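Below: the structure, in structure tokens.
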Amino acid sequence: MAIEYLKRGKSDADRAEDDAKTRAVVEATLKDIETRGDAAVRELSEKFDNYSPASFRLSQDEIDDLIAQLSDRELADIKFAQAQVTNFARAQRASMTDIEVETLPGVILGHKNIPVQSVGCYVPGGKFPMVASAHMSVATASVAGVPRIIACTPPFQGKPNPAVIAAMHLGGAHEIYVMGGIQAIGAMALGTETIDPVHMLVGPGNAFVAEAKRQLFGRVGIDLFAGPTETMVIADETVDAEICATDLLGQAEHGYNSPAVLVTNSRKLAEETLSEIDRLLGILPTAGTARVSWQDYGEVILCDNYDEMLQVADEIASEHVQVMTDRDDWFLENMTCYGALFLGPRTNVSNGDKVIGTNHTLPTKKAGRYTGGLWVGKFLKTHSYQKILTDEAATLIGEYGSRLCLLEGFVGHAEQCNVRVRRYGGINVPYGAPAPYRDAAE
């Protein structure tokens, strides 16, 4: 096997050093928010966003005024995109059913899907107002039936962005705050004098937002590790360099640390894509950001065959994977580690980011090896329950339970079973002794 890197990004060691610096900043900031609450949040907002309103929470009048600033076309477009996301989320929710089964005569087992009771949705917006992120988190939580949904977004150019606020409001947010970064994540999770803490945090963000969620996990739930965006293009000679370069740079413009990777079995396509990227960086309005990402995090990997391409793709486990080959369905069938797949040249990652209906909050930093992206099921907790309806069932299960508890040395556990055997089965089991054996068929 011969896997060749025609271009490499930063080394793993350099990336680890960047991560360590981020961890230290986030840890100190969260401790400050926990200690000083609203005062710390306000200082951070003034420092990083130059924003210090009388109240970070928007009133209904303020929300209405912001929505009124949108044109009819802009509002209709937001509603269209939100409808696609909610329609798919409803279909997913319908697939998750409560169950109740009788596993033995008189033994009833079941589970219920219960919404998380409060969720904090982070919607990025400092560099670009991420309108679509409000659909992905707020609207999806609403479909799940979450009774308290709060949403935070940073100010955009010094003030709330009307489109983002409209998407949050229309999606079903009960409280909307204009704050960003670590201070928003910390305030939602830890609570302050004016913000009640939530049970779960969701939404993408920059490296500091992602690290804050990671450090707070356990104290609150999180959806997944959704840091700076990642994209991969898997392509062969069925497509050309223009479409490959466009799909790579289309995601590299997100930030200065957005990995973009081309995996191909065509040296010609690889070399032409490198040239095309240079050409596009000369005309792309967001080239100032995309160029840095491509320089530091862009990679071009040349493989001998499709099996090698699959191996490399699963190892990298990219957030977005654009597949444009003569066997797209083969990759769909065989890939196991990724955030979301975009199959064929007619689709692209921007479809998923903005409008098509699948959720764009997806796992990064190889988290696609153990989790999928945000979806309505992330807002639901599946809780089991059990009940025994007959004396015969209570006796049967109690006898087995008694002996299995003592097998592990748990005498107190065994006695929970024994007392039922004595009471409902009329069988005298001495304290701490195993229940007698009777074949279940009897």
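The local environment of Tyr431, defined by Cβ-Cβ distances under 11 Å, has a net charge of 0 under the rule Lys, Arg +1 and Asp, Glu -1. Springs between alpha-carbon pairs under 10 angstrom, Gaussian network model over the chain: which of Tyr51, Tyr177, Tyr424 fluctuates most? Highest fluctuation among the options: Tyr424. Basic side chains Lys and Arg get +1 at the Cβ, acidic Asp and Glu get -1 at the Cβ, and with that the dipole of the chain about its Cα centre reaches some 1320 debye. Label point of Phe48 set 7 angstrom out along Cα-Cβ; within the range 107-128, amide nitrogens under 19 Å from it belong to 120-128. Tally Lys/Arg at +1 and Asp/Glu at -1 over every other residue whose Cβ is under 15 Å from the Cβ of Glu333; what's the total? Its environment carries a net charge of -4. Spin-label model, Lys31/Lys79: points 7 Å from Cα along the beta carbon direction are separated by 5.0 nm.
Can you check what the net charge comes to around Arg422, using other residues whose Cβ is under 13 Å from the Cβ of Arg422 (Lys, Arg +1; Asp, Glu -1)? Taking every Cβ under 13 Å from that of Arg422, the sum is -1. Residues considered: Glu315, Glu102, Glu272. Largest GNM mean-square fluctuation over the chain, using C-alpha springs under 10 Å, is found at Glu102. Of the three principal axes defined by the Cα atoms of the range 301-406, the extents in descending order read 65, 34, 25 Å. The 3J(HN,Hα) values that the Karplus relation (6.51, -1.76, 1.60; θ = phi - 60°) gives for the range 55-62 are, in residue order, 9, 6, 7, 7, 7, 4, 4, 5 Hz. Gly and Pro appear as x. State the Cα centre-to-centre distance between the range 345-400 and the range 121-170 in whole Å. The range 345-400 and the range 121-170 have Cα centres separated by 23 Å.
When the Gaussian network model of the chain links Cα atoms closer than 10 Å, the mean-square fluctuations of Gln215, Gln416, Gln60 top out at Gln416.
Applying a threshold of 20 Å to the alpha-carbon distances of Lys213/Lys354; Lys213/Lys365; Lys31/Lys159; Lys159/Lys354; Lys79/Lys127; Lys31/Lys127 flags Lys213/Lys354; Lys31/Lys159; Lys159/Lys354; Lys79/Lys127; Lys31/Lys127 as lying beyond it. Using the empirical formula 2.2 N^0.38 Å as the baseline, the Cα radius of gyration of the range 25-127 reaches a ratio of 1.73.
Gyration tensor over the Cα atoms of the chain: the corresponding equivalent ellipsoid has semi-axes (square roots of 5 times the eigenvalues, largest first) of 46, 31, 21 Å. Peptides 261-267, 129-135, 235-241 ranked from most to least packed, by the mean per-residue count of other Cβ atoms within 10 Å: 129-135, 261-267, 235-241.
Laboratory data are not the source of any read-out in this text; all were calculated from the coordinates shown. Everything numeric in this text was worked out from a predicted model, so none of it was measured. Virtual Cβ from ideal backbone geometry, glycine too; neighbours counted across all protein chains shown.
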